[in-house]
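Chemist: Input: one structure, supplied below.
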């Protein structure tokens, strides 16, 4: 089992106006932004002002992310994303965004629980 299993390991905010919103958080909480190249545009990794630690992402609501609500999205690490997605459906949840590859990082999908709350599941390529 991955030592990160069951932990909230990432936060993303997906919005139509990511450029404006990343500037908002830079001014309000001091985050610095680092562009992350997508297909023809940049999303942003947000970093703390003191040590530059990457703590969140701010993304454009485009492509596969176009149907995500404009809210902070937590990523919960799981050992087997396919099994967790199936368990979600079998226990009254829904898949909002299907399983997708995240390059060399791993795989993710977005789910909705029976109460309507949205979260992402993440399976890391690196097992610790």
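The values are calculated or read from the model by the stated rules, or taken from the named source; none is laboratory data. Note that the structure is a prediction, hence the values are computed from the model and not measured. So basically every Cβ, Gly included, is an ideal-geometry build from the backbone, and we count neighbours across all protein chains shown.
Chemist: Given the condition in contact with a helix residue (DSSP H, G or I) (Cβ under 7 Å, 6 or more places away or on another chain), in contact (Cβ under 8 Å) with a residue 60 or more places away in the chain and assigned to a loop (DSSP other than H, G, I, E, B), answer yes or no: does some residue in segment 29-50 qualify?
Modeler: no
Chemist: Assuming residue 76 fulfils every condition listed in (1) farther than 19 Å from residue 2 by Cα; (2) surrounded by 15 or more Cβ atoms within 10 Å (Cβ to Cβ); (3) in contact with a helix residue (DSSP H, G or I) (Cβ under 9 Å, 6 or more places away or on another chain); (4) at pLDDT 95 or above apart from one, which condition is it?
Modeler: Residue 76 satisfies all of (1) farther than 19 Å from residue 2 by Cα; (2) surrounded by 15 or more Cβ atoms within 10 Å (Cβ to Cβ); (3) in contact with a helix residue (DSSP H, G or I) (Cβ under 9 Å, 6 or more places away or on another chain); (4) at pLDDT 95 or above except (1).
Chemist: In segment 95-110, what count of residues is obtained for those that are assigned to a strand (DSSP E or B) and within 11 Å of the chain's Cα centre (by Cα)? Let's see the steps before the verdict.
Modeler: As a first pass, look at segment 95-110 and keep what is assigned to a strand (DSSP E or B): 95-101, 106-110.
If we keep only those that are within 11 Å of the chain's Cα centre (by Cα) too, we end up with 107-110.
Result for segment 95-110: 4.
Chemist: Here are the criteria: (1) touching a residue at least 24 places away in the same chain (Cβ under 8 Å); (2) closer than 22 Å to residue 35 by Cα. Tell me which single one residue 101 does not satisfy.
Modeler: Condition (1) is where residue 101 drops out.
Let's see how each residue does on (1) assigned by TED's automatic domain parsing to the domain that holds residue 121; (2) under 14 Å from residue 17 (Cβ atoms); (3) out of contact with any strand residue (DSSP E or B) (no Cβ under 6 Å at 6 or more places or on another chain):
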position	(1), (2), (3)
44	no, yes, no
52	no, no, yes
66	no, yes, yes
70	no, yes, no
80	yes, no, yes
86	yes, no, yes
